[in-house]
1. Please identify, among A:170, A:96, A:156, the residue showing maximal mean-square fluctuation in a Gaussian network model of chain A using a 10 angstrom Cα cutoff.
2. What is the calculated FRET efficiency for residue A:223 to residue A:188, with r their C-beta to C-beta distance and R₀ = 25 Å, to the nearest 0.05?
3. Output needed for chain B: three equivalent-ellipsoid semi-axes, defined as square roots of 5 times the C-alpha gyration tensor eigenvalues, in descending order, whole Å.
4. Within segment A:11-32, name every residue whose backbone N is under 17 Å away from a label modeled 7 Å from Cα of residue A:125 along the Cβ vector.
5. Given springs between every Cα pair under 10 Å in a Gaussian network model of chain A, which of A:17, A:55, A:100 has the largest fluctuation?
6. Does anyone have the angle between helix B:28-52 and the longest principal axis of chain B? Alpha-carbon axes, 0 to 90°, nearest 10?
7. Segment A:2-86: D in µm²/s via Stokes-Einstein (Kirkwood Rh, Cα pairs, 37 °C, 0.692 mPa s)?
8. Per DSSP H run of at least 4 residues, take -39500 (n - 2.57); add these up for chain A, divide by its residues and hand me the 222 nm value, nearest 500 deg cm²/dmol.
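Only the coordinates and a few stated rules stand behind these numbers; no lab work does. Quick caveat: nothing in here was measured; it's all calculated off a predicted structure. Note that we place each Cβ from the backbone using ideal geometry, even for glycine, and neighbour counts take in every protein chain shown.
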Amino acid sequence: MDALTANMPLVVFLLVGTVTVASAILVVAMRNPVHSALFLLVTFLCVAVLFVMRGAEFVGAVQVLVYAGGIMVLFLFVVMLINVRTLPEERITSPYWLGGIAVGAAIFILLATLVRTGPYHQEVNRPDILESIATHTMETTVAANGKATTGPVVHYTLAGNSEAVGNSLYQEYLVPFEVASLFLLVAMIGAIVIGKRELGAMEEETAPDFILDRVKTEHEVKEVVNA
Amino acid sequence: MPSTQAYLMLAATLFTVGLIGVVVRRNMITVLMCIELMLNAVNLNLVAFSSRLSSLEGQIFSVFIITIAAGEAAVGLAIIIQLYRIRATVNIDEVRELHG
């Protein structure tokens, strides 16, 4: 019993990791995209658990919110929008499946070799840094021989993982953060423009009046802009 | 705590599964899901090294990767919907011509 308690993180890791890999394989293997999407949800949640086990609570929460909450809803919405019943009953794998599996095996062997032998950077065993806010200051220290040196000093204040990540995002990584927000804006506009539907001749007969009015206004605006 | 190597092996397995899915599957929506799987494997690597090196940078990078993944999924699914309207298919082997 004591051995089990001592090795609890390892047991949880093995269990969650097995579920992660199994559901990832099922994502690839399922014929129906709805089943694939649901197994993808299981994978995302398990990966969030692994994040939290590694001291990344904020990333785990974002994983659950954005992936499991947002992206999965988007996927399921599209799968439902494209009628699943009309999917062909042919084979789900492409004719190149043998080559695909060969490439995957080769990449896996490559990555596994790297993991086994790689001389990584020396491990830093200070888990408190992941939960601390760093403040950078210039300080002057006077050595024993009376010589004063000025240099950058980092102070760590213990707060919490979310607070530390937030502080870092808004200080050191402010510019990437703003670029990411711009990227999201561009992606949103792009998705709307690509997904927009022009009315065909068939639909114009049955479309309600207000849609026709809107289309007419759009054409007028386009003409004015082009003129 | 499980070692960094264990995390890296798990991430490598996830990445391989996603890669095989991208190459092997013919349904466009499933291919997009497999791309998300690969991005998640990379996130796992970043977080594992973040705690090994006791540095927040890996976690911040994975937040950015999640942002990129969200945008990529939105645009990719919009393309799939539009393609389905034009060609009435989600089979990736039937839309390999670039014209029209």
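1. Comparing A:170, A:96, A:156 in the GNM, the peak value goes to A:96.
2. 0.40
3. Ellipsoid semi-axes (Å, largest first): 33, 15, 7.
4. Under cut-off, by backbone N: nothing.
5. Taking springs between Cα atoms under 10 Å, the residue moving most is A:100.
6. The angle comes out at about 10 degrees.
7. Diffusion coefficient, whole number: 234 µm²/s.
8. Calculated from helices alone, the mean residue ellipticity at 222 nm is -20000 deg cm²/dmol.
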